[in-house]
Amino acid sequence: MVAVVGISRVRARQFSLRHSIFAHRRIPLIAFLSLLLLVCLIILSLGIGSRALTPTETFQGLFSPSTTTESIIVWKLRLPRTLAAIVVGASLASAGVLMQALTRNPLAEPGLLGVNSGAAIAVVSAVAFFGITSTGGQVWFALAGAALAACLSFLLGSTRSRSQDSVTRLILAGVALNACFGSITGIITMFNSVAFDSHRFWVVGSVAERTYGSIAAVTPVILVGLVAGLLLIKPLSVLALGDDCAASLGLPLPIIRVTALTAVTLLCGGATALAGPISFVGLAVPHALRILVGNKLSRLLPMSLIAGPILMLGADILGRVVAIPNEIEVGIVTAFIGAPILLWLVMRINSTPKTPRFSKTMRADCSSKNYCTAPSESLNHAKRKHLPHAGRA
């Protein structure tokens, strides 16, 4: 049995090596096709709407700004919406990659830190107590609420332990804050009809009617989060080997975790402040990319900057065309797409076969004889020791 397991592991390692080499060769092609698809979706986003524009009219309105109807539609309405979808998609997808790499949990999602609920209660408070109903004014409150919620999660979930328990406590603190902030938001909207109407449209998540000013307000925050995430590619890749291995290599685990969570907060907070709570983008994009480019973080994070906008633009375009002349908000479309993906992931995890368990003697022999790297020696040793009657057939 031990020999069979050793041989199977060697074959699995060889298959994984061939798959990684093939994935490495096809990455430039995948990146090129993804960029080409993103460009096509941008053109479609500028041309599709209640007033459809042909590709010629779209390019004329984009590259020849004037007072024509086509130019006003492109520059005033659809270009800010397209830019917002690109920024939000890239932010949420990269935040999902970082969150899953940090927690080593394939079901981790950036909203677990309480960022969405913190932004929601800030927006509701701005409407109820300050009378701010414009999108540009609500962006600053949403960003401040997201930062406050993340800081509270850090304080409540902080621990001196360098084990995985610190991340678990942080996630539990974020879940508790989500429930607490959600109840407070419900109380405020119950007694204030204006805040209820504003929250009702904000909470579904949308990139419509966004302005260049609101995009410019959150872009620096998102850029800082992206730079921090790119700098964490190597440390998080080492951290995937385990806390003990990373600590033995001299990595400062608390600093890495705090920096990664700060990057996730900036990315998710900026996206939520701009478009409201958009669900499942940070969950679906990393899993789709793992199928295409593998599990390496050095591939996943850069590709998420392309795949996230593709998903957001595709969902936004789909929301415009399925209910013409009305529209469906992009948050509803992404939830409709992401819910089946989440169910599939849960079923796949529950149905994953478990690895065989060995006794203490067999594990000791595995470690001493190194079965995984010497299958022929493993087979002979297993016949002599664990299978004494194997040759009597």
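The values are calculated or read from the model by the stated rules, or taken from the named source; none is laboratory data. These numbers were taken from a predicted model, which means no experiment stands behind them. Using ideal geometry, Cβ is built from the backbone for each residue, glycine included, and neighbour counts are taken over all protein chains shown. Keep in mind that these areas ignore ligands, DNA and RNA; they rest on the heavy atoms of the full protein, side chains included. Shrake-Rupley method; radii C 1.70, N 1.55, O 1.52, S 1.80 Å.
Within region 278-301, the residues that satisfy the criterion of being open to solvent by 20 Å² or more (accessible area, probe 1.4 Å) and touching a residue at least 40 places away in the same chain (Cβ under 8 Å) are Ser279, Phe280, His287, Leu292, Lys296, Ser298, Arg299. Taking each residue of region 210-223 that is more than 13 Å from Gly269 (Cβ to Cβ) and looking for partners that are assigned to a helix (DSSP H, G or I) and open to solvent by 50 Å² or more (accessible area, probe 1.4 Å) with beta-carbon atoms closer than 6 Å, six or more apart or interchain, yields Ile215/Leu83. Right, Val88: open to solvent by less than 10 Å² (accessible area, probe 1.4 Å), of a type outside the set (Lys, Arg) and under 12 Å from the mean Cα position of the chain (by Cα) or not? When the stated conditions are applied, Val88 passes them. Of all residues in region 48-63, those satisfying the criterion of being part of a helix (DSSP H, G or I) and polar (S, T, N, Q) are Thr56, Thr58, Gln60. Only one entry in Ser71, Ser66, Ser34, Ser45 is small (Gly, Ala, Ser) and part of a loop (DSSP other than H, G, I, E, B), namely Ser66. Scanning region 172-198 for residues that are modelled with pLDDT under 85 and buried (at least 20 other Cβ atoms within 10 Å of the Cβ) returns Ala173, Gly174, Ser198. Residue count for region 48-78, restricted to those that are crowded, with 18+ Cβ neighbours inside 10 Å, under 32 Å from the mean Cα position of the chain (by Cα) and free of Cβ contacts under 8 Å to residues at least 40 places away in the same chain: 5. Scoring Leu274 on the criteria (1) outside any helix (DSSP H, G or I); (2) more than 22 Å from Ile341 (Cα to Cα) leaves a single failure, condition (1). Count of region 31-49 residues, restricted to those that are over 21 Å from Val293 (Cα atoms) and out of contact with any Asp or Glu (no Cβ under 8 Å at 6 or more places or on another chain), is 8.
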